[in-house]
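Engineer: Structure provided below as structure tokens; questions to follow.
The values are calculated or read from the model by the stated rules, or taken from the named source; none is laboratory data. Computed from a prediction, not measured in an experiment: that's the story for all the values here. Cβ sites come from the backbone with ideal geometry, for glycine too, and all protein chains shown count toward neighbours. Please note that ligands, DNA and RNA were not included when accessible areas were found on the heavy atoms of the full protein model with its side chains. Shrake-Rupley method; radii C 1.70, N 1.55, O 1.52, S 1.80 Å.
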Amino acid sequence: MKDFNNLILFGKSYGKQELLEKSRKSSNREDWEEDFWPFVQAWLNEEDTVDVQTSGSTGTPKIIKLSKDKMLASASSTCQYFKLKVGDKALLCMSPKHIGGIMIIVRAFYAQLDLHVVLPSSNPLENETIDYDFIAVVPYQASITLVHHPKKLSRIKHVLLGGGKVDRSLEQQLTQANVQAYSSFGMTETISHFAIRKIGNSEAYTCLPGYHIDLSADGTLIVHAPALQDQAIQTKDIIEYLSPSSFNWLGRSDFAIESGGVKILPEQVEQALSINISERFFITSQAHPKLNNEVVLVIEGKEREIEDKLFDRLPKYHRPRKIVFLPKFVETASGKINRLATASLLKN
């Protein structure tokens with residue numbers, strides 16, 4: 001049985017003992033190595049699990065234990081979907097402290113990908129000359145790379161986006177630049193993504209091999225992953241159920257706003273506004289004496305004029321009644337917008 005303890009790193013193959021020796025050397029390390037080697041050590045130890053911190057984007061960050069066998073099962077599904085094979089070049093440009101970056105390393109162990117590593121930055125391809133077969137980036141990294149190195153991004157065989165939603169503006173830019181991009185859907189509890197959609201092809205997510213879904217009585221997503229979890233995973237994601245293997249994502253039930261008797265999903269309002277707002281922003285709410293809650297648009301950056309026509313296509317109660325500018329959003333450890341913490345900065 002394959003032991004999944006060998007790794008190809010920058011074109012050179014290393015066995016378990018060689019990797020452990022390299023991980024123990026602390027002198028003359030490059031910056032990217034500081035977070036990379038601790039995970040490699042954890043992967044190669046005798047424990048059956050790895051400690052992983054959740055992102056904290058929808059709740060309090062916490063440490064959970066993930067089975068190495070189940071992480072390999074997840075890696076297998078992704079490698080099957082993208083038809084990744086031995087020697088394919090993959091770039092790790094996300095933090096190896098969180099599940100997105102961790103799973104790039106696990107996929108490299110699983111499929112014997114040729115793994116290259118750079119320090120996480122907003123412009124990860126800046127100094128890269130290789131045409132990679134597979135990279136994973138967050139939407140912000142994709143947007144910055146599109147500005148500075150669109151041709152480099154378009155030459156990559158598979159660009160996987162995770163760690164945040166892909167808005168319409170970014171989706172249009174990726175399509176126009178002929179980037180082979182995919183939006184992933186998942187969470188730490190499902191060991192990275194379990195569903196993917198090809199950007200520019202469809203709004204629907206399709207489950208990877210080994211996963212299927214159900215719809216709860218309150219319209220939220222239930223994930224079945226027999227190879228990963230003994231019990232079904234109940235989420236707070238509101239979806240449009242299409243089939244046992246496909247769905248459209250609508251928003252989060254814990255972010256839903258009730259205003260004037262109307263239930264509003266902030267994510268849908270954000271999607272409608274994203275084409276016209278270049279800064280980072282999100283939709284939240286504040287108490288209102290007559291409506292119960294009013295919709296609030298929060299934008300990161302310097303205050304500027306926002307034209308009313310921007311909201312013309314929104315239904316009446318979906319239109320922001322207040323616009324607030326904040327110099328800087330609160331972020332999670334993985335760089336996502338921390339909605340709850342940022343919203344708490346607003347003044348009534």
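Engineer: Label points 7 Å out from Cα along the Cβ direction at Arg168 and Asp214: separation in nm?
Structural biologist: 3.5 nm
Engineer: Still on this structure, I have one more. Among Met103, His212, Ile144, whose Cα lies farthest out toward the positive end of the dipole of the stretch 95-239, if unit charges sit on the beta carbon of Lys, Arg (+1) and Asp, Glu (-1)?
Structural biologist: Selected residue: Ile144.
Engineer: Still on this model: Out of all DSSP beta bridges in the chain, what portion is antiparallel? Express it as a percent rounded to 5.
Structural biologist: Numbers: 43 of 63 bridges.
Just about 70 percent of them are antiparallel.
Engineer: Computed FRET efficiency, Cβ-Cβ of Asn6 and His288, R0 56 Å: what is it to the nearest 0.05? Don't jump to the answer; show the numbers that get you there.
Structural biologist: Values: r = 60 Å, r/R0 = 1.07.
Step by step, r from the Cβ atoms, then E = 0.40.
Engineer: Using 0.36 nm times the number of residues separating Arg304 and His148, minus their current alpha carbon distance, what extension gain do you get? Please list the in-between numbers first.
Structural biologist: Numbers: separation 156, 0.36 × 156 = 56.16 nm, distance 2.59 nm.
Contour length minus Cα-Cα distance gives 53.6 nm.
Engineer: Whole Å is fine, so just give me how far the alpha carbon centre of the stretch 36-105 lies from that of the stretch 247-304.
Structural biologist: For the stretch 36-105 versus the stretch 247-304, the Cα centre distance is 32 Å.
Engineer: Taking only the Cα atoms of the stretch 274-348, how large is their convex hull per residue, in Å³?
Structural biologist: About 104 Å³ per residue, rounded to a whole number.
Engineer: Local charge sum around His148 (other residues, Cβ-Cβ under 14 Å, Lys/Arg +1, Asp/Glu -1)?
Structural biologist: Details: positive: Lys151, Lys152; negative: Glu126, Glu128.
Overall, the nearby charge balance is 0.
Engineer: Can you put Tyr241, Tyr14 in order of accessible area, largest first, using a 1.4 Å probe? Intermediate values should be presented prior to the final figure.
Structural biologist: Details: Tyr241 85, Tyr14 30 Å².
Listed by decreasing accessible area, they come as Tyr241, Tyr14.
Engineer: For the stretch 105-219, what Kirkwood radius comes out of the mean inverse Cα-Cα distance, in Å?
Structural biologist: Values: mean 1/r = 0.0657 Å⁻¹.
That comes to 15.2 Å for the stretch 105-219.
Engineer: A further question follows. Using only alpha carbon positions, build the gyration tensor of the chain, then give the equivalent ellipsoid semi-axes as the square roots of 5 times its eigenvalues, largest first, whole angstrom.
Structural biologist: Square roots of five times the eigenvalues give 36, 23, 19 Å.
Engineer: Based solely on its DSSP helices, what 222 nm [θ] is calculated for the chain when runs of n ≥ 4 H residues each add -39,500 (n - 2.57) and the sum is averaged over all residues, nearest 500 deg cm²/dmol?
Structural biologist: Values: 9 runs with 86 residues, N = 348.
After summing the helix terms and dividing by the residues of the chain, the value is -7000 deg cm²/dmol.
Engineer: Continuing with the same structure: What angle do you read, to the nearest 10 degrees and between 0 and 90, between the alpha-carbon axis of helix 99-111 and the longest principal axis of the chain?
Structural biologist: Taking the Cα atoms of the chain, the angle to 99-111 is about 30 degrees.
Engineer: Using the alpha-carbon atoms, what tilt in degrees (0 to 90, nearest 10) does helix 68-82 show relative to the longest principal axis of the chain?
Structural biologist: So the inclination is approximately 80 degrees.
Engineer: So which lysines can Lys83 reach, going by Cα to Cα under 16 Å and dropping same-chain residues fewer than 8 places off?
Structural biologist: Lys157, Lys198
Engineer: Also: Cα to Cα, under 23 Å, and not fewer than 8 places away if on the same chain: which lysines meet these conditions relative to Lys25?
Structural biologist: Leaving aside lysines fewer than 8 places away in the same chain, those within reach of Lys25 are Lys12, Lys16, Lys97.
Engineer: Could you work out how much longer the chain between Leu314 and Lys236 gets when fully extended? Use 0.36 nm per residue separation minus the Cα distance between them, nm to one decimal. Could you put the intermediate results ahead of the total?
Structural biologist: Details: separation 78, 0.36 × 78 = 28.08 nm, distance 2.44 nm.
Between Leu314 and Lys236, full extension yields an extra 25.6 nm.
Engineer: Loop sites only, by DSSP: take the trypsin sites (Lys or Arg not before Pro) in the chain that have at most 13 other C-beta atoms within 10 Å and name the longest stretch containing none of them. Can you show the working numbers first?
Structural biologist: Values: sites that count: Lys2, Lys25, Arg29, Lys62, Lys83, Lys85, Lys290, Lys302, Arg304, Arg313, Lys328, Lys347.
Longest run free of exposed loop sites: 86-289.
Engineer: Continuing with the same structure: For the chain, what is the accessible area per residue in Å² when the probe is 1.4 Å? Show your work: numbers first, answer last.
Structural biologist: Details: 17190 Å² over 348 residues.
On a per-residue basis, the chain sits at 49 Å².
Engineer: Pairing the Cα long axis of helix 139-148 with the longest principal axis of the chain, what angle in degrees results, from 0 to 90 and rounded to the nearest 10?
Structural biologist: Between helix and principal axis, roughly 80 degrees.
Engineer: Give a quick list of GluC sites (Glu not before Pro) in the stretch 231-337 that DSSP marks as loop, anything other than H, G, I, E or B, with at most 13 other Cβ atoms within 10 Å.
Structural biologist: Working: sites: Glu240, Glu258, Glu267, Glu270, Glu279, Glu294, Glu300, Glu303, Glu305, Glu307, Glu331; in loops: Glu279, Glu303, Glu305, Glu307.
When the GluC sites (Glu not before Pro) of the stretch 231-337 are filtered for loop state and at most 13 Cβ neighbours within 10 Å, Glu279, Glu303, Glu305, Glu307 remain.
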